[in-house]
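Have a look at the structure below, then the notes.
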Amino acid sequence: MFQKLLSLPVNKSVHGKEVDDFIIYIHWLMGFLFVIWMAYFLYVLWRFRATRHPKADHTGARTHASTYLEGFVAVIEGVLLLVFAVPLWAKIVDKAPRDPNTNKVRVMAQQFRWNFMYPGPDKVFGKQDLEFVTVDNKFGQVLDDSNGQDDFFTLNDLRVPAGEPTIFQISSLDVIHSFKVIALRVCQDAIPGISVPTWCVPLQEGRYQINCAQLCGSGHSNMTEGFLTVQSPEKFQAWIAEKAETNTGDIGGFE
Ligand SMILES: [Cu+2]
């Protein structure tokens, strides 16, 4: 019900409900504060009206009630942070899949596009060193690594299987971008020179827009041309096999 009231976007990932619940708690607190503060404001306008107080009182409040109230609000905010937000974050980080066979994608944000790199059928990426990143080697591949022979690239076309975890290893070629898929409740800054992992389990097949959540330049809005397609695991494996067969190692050119 509150999901609808707040017009939250549809959720298509396993951890998304907890994120939404947290947003709802924050709105409850803000709604409560809004009503209380507005009521107090109106009371003050009436209580200290000019006809009743023709002369200003320079001493002001003589009790500490307002300090206690501020303290009370700060405690509730602390509870939200320490009891809900931090454990939710810790849980997602702690539960990160450690199986080496987990699906992985390298995400390289660039003005103004999304480059993706897949490890190919062997599920093992070739070595990467972000110091090697150049216009011709966007992912900083160590080129003579045999694990990298079947790695392949896509442009603005990210695909993952439904019902399975996928790890996104996020970096940037130029400025700070942010990889955001609203339907999956995933958002992680893309920072040049470092690779930051995030992960999720998409619930359902579908096609979702990728947004850049950091204002990254004049073509920032063009980054919505990136799409995430969630496929059935069978379809996804078939796509990997097909891509591996037609793989030319082409990185998609530099713009
Ligand atoms: Cu961007």
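In the range 1-158, a dipole from Cβ-located charges (positive for Lys and Arg, negative for Asp and Glu) runs towards its positive end, and of Leu143, Gly126, Gln110 it is Gln110 whose Cα lies farthest in that direction.
Since only Val175, Trp199, Leu155 are under comparison, the one whose Cα sits farthest along the positive direction of the charge dipole of the range 116-255, derived from C-beta charges on Lys, Arg, Asp and Glu, is Trp199. Under a Gaussian network description of the chain, with springs only between Cα atoms under 10 Å, the residue in Asp144, Asp174, Asp99 that fluctuates furthest is Asp99. Comparing Ile240, Ile167, Ile36 in a Gaussian network model of the chain, where Cα atoms under 10 Å apart are tied by springs, the biggest mean-square fluctuation is seen for Ile36. Based on Cα atoms of the chain, Rg over Rh with Rh as the Kirkwood radius reads 1.16.
Amide H contacts of Gln214: Ser178, each under 5 Å away and 5 or more positions distant or on a separate chain (H built 1.01 Å from N in the peptide plane; Pro and chain starts excluded). Measuring between their Cα centroids, the range 74-98 and the range 126-188 lie 27 Å from each other.
Among the chymotrypsin sites (Phe, Trp or Tyr not before Pro) in the range 40-85, those located in a DSSP loop and surrounded by at most 11 other Cβ atoms within 10 Å of their own Cβ are Phe48. FRET efficiency for the pair Asp21 and Phe227, taken as 1/(1 + (r/R0)^6) with r the Cβ-Cβ distance and R0 = 30 Å, rounds to 0.60. Run through the DSSP bridge list for the range 56-209 and note the antiparallel percent, rounded to the nearest 5. For the range 56-209, the DSSP antiparallel bridge percentage is about 70. Between Trp46, Gly16, Ile76, the Cα set farthest toward the positive side of the dipole of the range 2-94 (charges on each charged residue's Cβ, about the Cα centre) is that of Trp46.
Between Leu69, Leu80, Leu215, the Gaussian network model of the chain with springs among Cα atoms under 10 angstrom shows the greatest mean-square fluctuation at Leu69. Simple point charges give the picture: +1 on the Cβ of Lys and Arg, -1 on the Cβ of Asp and Glu, and for the range 103-245 a dipole about the Cα centre of about 520 debye. Between Glu205 and Asp157, the C-beta separation translates, for a Förster distance of 25 Å, into a calculated FRET efficiency of about 0.95.
With R₀ fixed at 41 Å, the C-beta to C-beta distance from His64 to Phe2 puts the FRET efficiency at about 0.70. Put in order of Cβ neighbour count within 10 Å, fewest first, the listed residues Lys4, Lys235 become Lys4, Lys235. Just to be sure I understand: of the beta bridges DSSP finds with both ends in the range 151-255, what percent are antiparallel, rounded to 5? Here the antiparallel bridges make up roughly 75 percent for the range 151-255.
In percent, rounded to a whole number, the relative contact order of the range 103-245 is 27, using alpha-carbon pairs under 8 Å and six or more apart. Relative contact order of the range 1-122, taken over Cα pairs closer than 8 Å and 6 or more residues apart, is 18 percent. Computed about the Cα centre, the dipole magnitude for the chain is approximately 1700 debye when only Lys and Arg (+1) and Asp and Glu (-1) carry charge, each at its Cβ. Taking 7 Å steps out from each Cα toward its Cβ at Trp46 and Ser146 produces label points 8.3 nm apart. Taking each DSSP H run with n ≥ 4 as -39500 (n - 2.57) and averaging over every residue of the chain yields -9500 deg cm²/dmol at 222 nm. Between the Cα long axis of helix 65-79 and the first principal axis of the chain there is an angle of about 20°, rounded to the nearest 10. As a proxy for reagent exposure, ranking Asp129, Asp20, Asp157 by other Cβ atoms within 10 Å from fewest up yields Asp129, Asp157, Asp20.
Each Cα pair under 8 Å and six or more residues apart adds its separation to the average, and for the chain the resulting relative contact order is 20 percent. The distance between label points at Glu164 and Ala74 comes to 5.0 nm (points 7 Å beyond Cα on the Cα→Cβ vector).
No lab work stands behind these numbers, since they all come straight from the coordinates. Values in this document were obtained by computation on a predicted structure and should not be read as measured data. Positions of Cβ are backbone-derived with ideal geometry, glycine not excepted, and every protein chain shown enters the neighbour counts.
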